[in-house]
Amino acid sequence: MRYGDLENVLVELTGGDRRSVVGRFKKLRLMPFPDAIRLGTGNRVEYDLPRVMALCTAFEINALLVPQSNAVGIVQSVWPEIVRGILAGAVERGILPRPASMPAGFSAVVAILPDGFASESPAQATAANLPSQTHHDGEPGMVAELRLDCGRLVELVAPRLESSSGDAAGASAAFGDLDLSFGWGAGQVPHRASVSDLFSGSSFLDRGPYLERAAAFLKIAGKLPEVGDGSPQSSTRARQAAQNLLDYLGRPSPIDAWKGEIGTREGRPRLKHYLAAVGDRAGLAPPVQWPATMLVTTGASPCARARAMVRKALRIEAEKRAGRHGADAS
């Protein structure tokens, strides 16, 4: 989609005047979006579907009176849930055939749980894809949340994609590509994964957040009382954030699926199993089960094991990214 078409979408989306949209877009270019988004506003610049949807979502969240810098932070933090909401909206409108891996009953609505709006830093957030029944009944969440209807974005963007590609099949294929990276499929999951195999993309649009989310989950879950230990109950907000993260870690996007298989030795639980055990002990609902008989023999708590694995993986990922950037600069 060319910038001129994108500008028309943003004007219709926000209901604002064109001058305001252009001014906000120029300010957005100063935010930490990928370089490919910050190319300029000329009509020759073209934006693919992920970048169009990322920009539209940032504008939509900003319209909810969330500061623009925080809106960008939210989009980056919960991009997998936003994409799944977009895919559900495309399925509901007959633009995309229902992916075989897509769970039944999902709506296009995403419930976003921000963690404050500090002016000096992007907002961190977790999110959940709401079931259709919850959305239609209008049931409130357990804690204050933002609800984003991705179906509305699909309705605005899809016709212009069809116009750009010349047929409906082109638009369907673009949404299908989103499903391959951030949908519900299993992805390429090796029999045995190693942190040395980590692939690090250049931005949130092509880099899965599994490891960062695992670290965030362990930080929150480590403060939750274990079931039956008599400790005071933690806040509903903290538990909801931990559950949101655990839901993703149990069923990650295809681009992230193999990271849950990281392990140090054959015959031992994988990272996803340790994370599930941590969640279970905190009274959460793990989407996957773990080999409990194997955990008994590890000699360390699931939380300690998971923390060590995540720290090592994040370090290797950072080193590989730094090495690649150094090579690009030379």
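The values are calculated or read from the model by the stated rules, or taken from the named source; none is laboratory data. As the structure is a computational prediction, the values presented were derived from the model and not from experiment. Counting neighbours? That spans all protein chains shown, and the Cβs are built from the backbone with ideal geometry, glycine included. Only protein heavy atoms, including side chains, enter the accessible area calculation; ligands, DNA and RNA are left aside. Shrake-Rupley method; radii C 1.70, N 1.55, O 1.52, S 1.80 Å.
Here the range 165-184 is the region considered, the condition is being farther than 15 Å from Gly94 by Cβ and in a loop (DSSP other than H, G, I, E, B), and the residue that is modelled with the highest pLDDT is Gly183. Selection of the range 54-73 for residues being part of a loop (DSSP other than H, G, I, E, B), in contact with a Leu (Cβ under 9 Å, 6 or more places away or on another chain) and open to solvent by 10 Å² or more (accessible area, probe 1.4 Å) yields Ala63, Leu64.
Cβ-Cβ contacts under 7 Å between residues 6 or more apart (or on different chains), taken from a first residue in the range 209-228 that is open to solvent by less than 40 Å² (accessible area, probe 1.4 Å) to a second residue that is part of a helix (DSSP H, G or I) and charged (D, E, K, R), are listed as Tyr210/Lys259; Leu211/Lys259; Leu211/Glu317; Leu218/Arg307; Leu224/Arg239. Remark: pairs (first residue in the range 74-95, touching a residue at least 24 places away in the same chain (Cβ under 8 Å) and part of a loop (DSSP other than H, G, I, E, B); second residue of a type outside the set (A, V, I, L, M) and open to solvent by 10 Å² or more (accessible area, probe 1.4 Å); Cβ separation under 8 Å; 6+ apart in sequence or on different chains) = Val78/Thr126; Arg93/Glu155; Ile95/Ser172.
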